[in-house]
Structure formats: structure tokens, C-alpha cells
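Contents: one structure, followed by commentary.
The values are calculated or read from the model by the stated rules, or taken from the named source; none is laboratory data. A quick note: this is a predicted structure, and the numbers were derived from the prediction, not measured. Here the Cβ positions follow ideal geometry from the backbone for every residue, glycine too, while neighbour counts run over all protein chains shown. We work out accessible area using only protein heavy atoms, side chains counted, and drop any ligands, DNA or RNA first. Shrake-Rupley method; radii C 1.70, N 1.55, O 1.52, S 1.80 Å.
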Amino acid sequence: VDAKAAEQAAAEALIRLADPGARFFDSAEAARAAAASNAAPASLTELDAGVWLLRAPLLDAAAADQVATGLVRAAASGGGLILDLRGSTGDNLDAVDAVAAPHVASDTFLYRLRDGRGEECDLRSASAAPRAAAPLLVLIDEDTRGTAELLAALFAAAPRGVLLVGARTRGDAARREL
């Protein structure tokens, strides 16, 4: 019996106990491709005068750009932006940083990543970004996961102008320390 294969099978079994819907991929590229192919692109729609809705099934660079666009449009019309992360996923940490930055002071500590051994492998801080001039309402649910869940956790710390609404998210077995 191959010890590495047995270890991987045991890990996958434990993960399936925690999340029966978990999917496993041979590489990060395969996981990204699967997520991108299953997710519709982010869509920005004006619901009413000044109120914009952005549905983001995948939190990626395109969705982060759409959030910035939505905040500008909402501010110009005196309204706000609703960011719908229900059922959203993603693995783009730069997108998380870009969406969070307008709502926190520059150089604010956002989160740290640790590897499987608990060693710090990345420390992320907010980059300089223009302050959001419109309020942001973020919708989440039990299917919000990946970097969308990380963004929700950052917004749970109540940055200015952000309201987080919805059900408790799925939870991440490899939880990031905020």
C-alpha cells in the first residue's frame, strides 16, 4: 500500500464528512478551470434609481472590477450597491483585497495565510484605494465559500459603509486567521 495515497484517501474521507459536496482536483489550475466554467460572469444591474445589484457567482478580478464600477455608479446617483455573494466561490486573493480596500484605511491588516503546518505564508494588507463613496450591502448564505467567504469575514469586522446580511457561511476547514 502506497503510504502517500493512503494518507490522501484518509484526508479526502475526512473532508467529505465535513462537506459532502466537496470536489477534489489534481491541480490548482484544474480547480480554477472548473470553478470558472461553472460560474456565470458577474452582472451589474440597476434595480432602481441609484440602487445597483451585482451578482458575483465567482469572486475573481472581473467581479472586483464590477464592484468598483458599481460603487462609482451608486455614488454618482446618491444610492448604494448590493453585492450578492450567495452561492459565490473563488480563489483569487487579489480580488478580495481589491473589494475590501475602499472600505478600510490604507495599509490596514486584512488577514494572514498559514500553510498546513501552521507557518505563515502570506500576510495581506489593504492597498491604497479611493474611499467608497456609496454604501455596500453584502448578501451571503450557507453556500458562500472560498474567497467570497473570506471577504464576508472581513466585512463582518464592520468596516465603514458595509452591511453584511444573510445566513452563516459554510465554513472553511482550512480557516484563515483574520
When only residues in the range 76-94 that are of a type in the set (A, V, I, L, M, F, W, C) and open to solvent by 10 Å² or more (accessible area, probe 1.4 Å) count, which is nearest to L137 (Cα to Cα)?
-> I82
Could you check, for the range 51-63, whether at least one of its residues is in contact (Cβ under 8 Å) with a residue 60 or more places away in the chain and either open to solvent by 60 Å² or more (accessible area, probe 1.4 Å) or among the β-branched types (V, I, T) (or both)?
-> no
Filtering the range 100-147 down to residues that are assigned to a loop (DSSP other than H, G, I, E, B) and on the phi > 0 side of the Ramachandran plot, which residue is surrounded by the fewest Cβ atoms within 10 Å (Cβ to Cβ)?
-> G118
With respect to the numbered conditions (1) among the basic types (K, R); (2) open to solvent by less than 80 Å² (accessible area, probe 1.4 Å); (3) over 18 Å from E149 (Cα atoms), which one is the sole condition not fulfilled by R73?
-> (2)
Within the range 10-20, which residues are hydrophobic (A, V, I, L, M, F, W, C) and open to solvent by less than 60 Å² (accessible area, probe 1.4 Å)?
-> A10, A11, A13
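Could you please let me know if D26 is modelled with pLDDT of 85 or more, of a type outside the set (S, T, Y) and open to solvent by 40 Å² or more (accessible area, probe 1.4 Å)? Working first, answer last.
Working: modelled with pLDDT of 85 or more: no; of a type outside the set (S, T, Y): yes; open to solvent by 40 Å² or more (accessible area, probe 1.4 Å): yes.
Considered against the rule, which asks whether it is modelled with pLDDT of 85 or more, of a type outside the set (S, T, Y) and open to solvent by 40 Å² or more (accessible area, probe 1.4 Å), D26 comes out as no.
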